[in-house]
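Colleague: Can you read through this structure? Questions will come right after.
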Amino acid sequence: MTPDNRVAICPGTFDPITLGHLDVISRASAMFDELIVGVVNIPWRKGSTLFTAEERVNFVRNATMDLPNITVEPFSTLLVEFARQRGAMAIVKGLRAISDFEYELEMNQLNRQLASDIESIYLMASPQYSFLSSSGVKEIATFGGDVSELVPEPVARRLKEALAR
Ligand code: PNS
């Protein structure tokens with residue numbers, strides 16, 4: 001990052017990306033010159049995600065194609081290391097409810113301990129997405145519910161295939 005190129009990381013597991021994630025990503029992209037969406041890829045925790053890292057990255061790439069300053073990359077290091085390697089000055093995350101706050105406060109303290117120069121910034125979820133989570137979407141899809149208003153269209157299609165009973 002140069003002083004006139006402000007880079008931030010928007011990290012997450014994105015299993016799968018939801019319209020709530022996209023809302024935070026697009027709002028964050030307007031605040032920085034460059035926004036890198038970091039998709040957690042921990043292969044040794046195999047089976048803990050429904051979709052592979054490659055699929056999750058592709059979902060995010062596909063959904064953010066119209067935003068010119070976004071790149072999407074998998075990462076499997078500490079988040080702050082990834083941010084440092086990419087020259088990011090900030091980590092941007094979304095916050096929905098008090099339950100998010102407790103977890104994010106802990107992550108914030110840990111990340112700050114490791115890298116006090118990288119600031120974490122929290123964007124409040126837009127009201128229409130304040131209930132939305134990847135796990136909720138998977139649960140609805142598992143029981144054949146309609147998730148077309150909650151995730152991008154290609155994700156809804158893949159969820160249907162992946163969770164068809
Ligand atoms: O809620 P998510 O989407 O699973 O969050 C993932 C992430 C990486 C944003 C969160 O776990 C975090 O802030 N972790 C900080 C600690 C760290 O660097 N873990 C290694 C991740 S590869």
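The values are calculated or read from the model by the stated rules, or taken from the named source; none is laboratory data. Quick caveat, the model's predicted, so the values are computed rather than measured. Glycine gets a Cβ as well: all are built from the backbone with ideal geometry, and neighbour counts include every protein chain shown. Remember, those area values only see protein heavy atoms, side chains included, never the ligands or the DNA or RNA. Shrake-Rupley method; radii C 1.70, N 1.55, O 1.52, S 1.80 Å.
Colleague: Pairs of alpha-carbon atoms within less than 8 angstrom and 6+ residues apart define the contacts here; what relative contact order does the chain have, in percent?
Modeller: Result for the chain is 28 percent.
Colleague: Something else about it: Could you work out [θ]222 nm for the chain from helices alone, using -39500 (n - 2.57) per DSSP H run of at least four and dividing by all its residues? Round to the nearest 500 deg cm²/dmol.
Modeller: Value at 222 nm, helices only, nearest 500: -12000 deg cm²/dmol.
Colleague: Could you give each residue of segment 138-148 its phi-based ³J(HN,Hα) in whole Hz, using Karplus coefficients 6.51, -1.76, 1.60 with θ = phi - 60°, and x for Gly or Pro?
Modeller: Result, ordered by residue: 5, 5, 4, 5, 4, 9, x, x, 8, 10, 5 Hz.
Colleague: How tilted is helix 19-29 with respect to the longest principal axis of the chain? Cα atoms for both, answer in degrees (0 to 90, nearest 10).
Modeller: Helix 19-29 sits at roughly 20 degrees to that axis.
Colleague: I'd like the per residue volume of the convex hull spanned by the Cα atoms of the chain, given in cubic angstrom.
Modeller: Enclosed volume per residue, from the Cα hull, is 110 Å³.
Colleague: A further question on this structure: Quick check: the angle from helix 98-114's long axis to the longest principal axis of the chain, C-alpha only, nearest 10 degrees?
Modeller: 40 degrees
Colleague: Sorting check: for 74-87, 100-113, 50-63, 6-19, which peptide has the highest mean count of neighbouring beta carbons within 10 Å, and how do the rest follow?
Modeller: Packing order, densest peptide first, comes out as 6-19, 50-63, 74-87, 100-113.
Colleague: Hey, can you find the accessible area per residue of the chain for me, probe 1.4 Å, expressed in square angstrom?
Modeller: Working: 9340 Å² over 165 residues.
Averaged over the residues of the chain, the accessible area is 57 Å².
Colleague: Placing +1 at every Lys and Arg Cβ and -1 at every Asp and Glu Cβ, with all other atoms neutral, what dipole size does segment 13-82 have around its Cα centre, in debye to the nearest 20?
Modeller: 240 debye
Colleague: Sorted by packing (mean other beta-carbon atoms within 10 Å per residue), highest first, where do 30-43, 123-136 land?
Modeller: Final packing ranking: 30-43, 123-136.
Colleague: Helix 53-63 against the longest principal axis of the chain: what's the angle in degrees, Cα atoms only, rounded to the nearest 10?
Modeller: 90 degrees
Colleague: Could you give the size of the charge dipole of the chain about its Cα centre, using +1 on the Cβ of each K and R and -1 on the Cβ of each D and E, expressed in debye and rounded to the nearest 20?
Modeller: Charge dipole, the chain, about its Cα centre: 380 debye, nearest 20.
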